1. Do we have F317 as within 23 Å of A85 (Cα to Cα), among the aromatic types (F, W, Y), open to solvent by less than 30 Å² (accessible area, probe 1.4 Å) and touching a residue at least 60 places away in the same chain (Cβ under 8 Å) here?
2. Only one residue in R159, R148, R118 is over 19 Å from T211 (Cα atoms), within 22 Å of the chain's Cα centre (by Cα), surrounded by fewer than 22 Cβ atoms within 10 Å (Cβ to Cβ) and touching a residue at least 12 places away in the same chain (Cβ under 8 Å). Which one?
3. Take the residues in segment 25-49 that are at pLDDT below 90 and not basic (K, R); name whichever of them is least open to solvent (accessible area, probe 1.4 Å).
4. Is at least one residue of segment 74-85 touching a residue at least 40 places away in the same chain (Cβ under 8 Å), over 15 Å from the mean Cα position of the chain (by Cα), open to solvent by 30 Å² or more (accessible area, probe 1.4 Å) and more than 19 Å from Y234 (Cα to Cα)?
5. Sort out which residues of segment 309-327 are in a helix (DSSP H, G or I) and in contact with a Leu (Cβ under 7 Å, 6 or more places away or on another chain), and write them in order of number.
6. Quick check on my filter: what residues within segment 131-145 are under 14 Å from A205 (Cβ atoms) and open to solvent by less than 20 Å² (accessible area, probe 1.4 Å)?
7. What's the total number of residues in segment 224-242 that are of a type in the set (S, T, N, Q), farther than 30 Å from A345 by Cα and not in a strand (DSSP E or B)?
8. Please specify each residue of segment 230-242 satisfying the condition of being buried (at least 18 other Cβ atoms within 10 Å of the Cβ) and farther than 10 Å from S136 by Cα.
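The values are calculated or read from the model by the stated rules, or taken from the named source; none is laboratory data. What you see is a predicted model; the values in this text were computed from it and never measured. Please note: Cβ atoms are built from the backbone with ideal geometry, for glycine as well, and neighbour counts cover all protein chains shown. Side chains included, ligands, DNA and RNA excluded: accessible areas come from the protein's heavy atoms. Shrake-Rupley method; radii C 1.70, N 1.55, O 1.52, S 1.80 Å.
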Amino acid sequence: MKRAHLGLFTFMACFSILATLSNPAPAAEKPPLYQGKTLTMIINFAGGGPTDIEGRVIAKHLTKHIPGQPPVVVQAMGGGGGVTAVNYLAEVGKPDGLTFGYFTGTLFHHQLREPGLRIDFGKFGFVGGVQGVTVSYVRSDLAPGIKRAADFVKADRFRAAGLGLASSKDVRFRLSFDLLGLKYDYVTGYNSSSTARLAVQRGEAHYHDETLPSYRAAVEPQMVQTGMVTPLYYTDLVSFDGEIIVSPDVPELMPFTHYYRQSFGKMPSGIKYEALKAANMSSTNMTRTIMLPPGAPAEALATMRQALMTLSKDADFIADAQKTMRFHPRFEIGEQGEKTFQRAAQISPEILNFLRKFMEEGNK
């Protein structure tokens with residue numbers, strides 16, 4: 001009887017050991033990639049400007065959506081028209097996923113193959129883009145009188161205030177004017193939109209255009225509502241397959257392409273329109289870009305993309321952005337955002353050569 005009990009005990013012990021070996025204890029769960037780490041966001045313009053203000057609002061809320069909730073330190077690095085910080089991220093910043101950029105204007109510089117941009121921006125890790133439509137406006141007293149947007153195509157020769165030959169803003173409004181068949185004098189070199197706006201207010205210039213935050217905050221109450229200027233249209237948002245997207249943030253106006261079609265009964269076409277679409281993809285769809293340096297880990301890129309996706313739906317972030325930035329941030333994210341970025345980054349040699357020549361002609 002004792003021998004039988006001993007055999008049963010031995011059998012059960014062996015069974016228990018085998019069961020343990022076949023079902024090992026679960027391995028310790030891998031901690032989030034960014035747990036215990038600190039992220040650095042590099043802004044490519046000086047502190048206090050629009051890019052810096054917007055970047056800090058995004059950094060403040062982005063941390064909540066990154067597993068591990070790492071703090072995000074913001075470093076403003078102006079210089080070189082925004083190129084200095086981009087070169088720094090690629091050449092000095094470590095590709096470990098701990099440093100990323102919040103950049104303005106870089107994709108347009110890349111399109112033009114600016115010599116100061118020493119790296120291929122298309123090889124950065126694209127996290128997402130931030131849309132930023134620009135609203136065009138003109139003095140209402142421009143002959144023969146601008147009472148509504150449709151009157152603009154009948155306008156006499158006028159003066160357009162710009163920021164610089166290499167400014168995407170200037171390139172885009174000049175292309176738009178040429179497509180509309182308008183006659184104008186190009187006056188550029190204003191150091192900011194606020195000084196160009198002042199030139200319009202003084203009557204030194206007739207036309208300027210501004211991003212939606214400054215349009216809503218300054219142009220609309222001071223110039224539109226007083227009747228000084230008439231709003232015309234806003235810059236096109238262009239999908240990766242070339243379709244024009246209507247912005248929900250400017251319901252009272254139409255995008256440029258729709259304005260053209262309403263004015264002439266047909267769609268714009270030709271090399272100038274293709275160049276305009278390319279410039280809009282880099283400067284309206286992707287007014288800002290959020291980028292990891294080339295060679296950053298795939299896990300870091302996937303984590304940051306997902307964090308931006310959830311940030312875009314964060315009600316607290318949207319409310320804070322509307323209060324601070326005066327607009328509802330809309331992102332180019334996911335597969336469609338990646339396709340839009342790649343299409344903008346890979347413009348044809350024909351468009352590249354045309355844009356370079358077009359910019360040179362603006363100096364004549």
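1. Taking the combined requirement at face value, the residue does not satisfy it.
2. Answer to the selection: R118.
3. Looking at residues that are at pLDDT below 90 and not basic (K, R), I get G49.
4. There is at least one residue in segment 74-85 that is touching a residue at least 40 places away in the same chain (Cβ under 8 Å), over 15 Å from the mean Cα position of the chain (by Cα), open to solvent by 30 Å² or more (accessible area, probe 1.4 Å) and more than 19 Å from Y234 (Cα to Cα).
5. Listed by number, the residues that qualify are L311, F317.
6. S136, Y137, V138, L142
7. Count: 2.
8. If the condition is that a residue be buried (at least 18 other Cβ atoms within 10 Å of the Cβ) and farther than 10 Å from S136 by Cα, then D236, L237, V238, F240 are the ones that fit.
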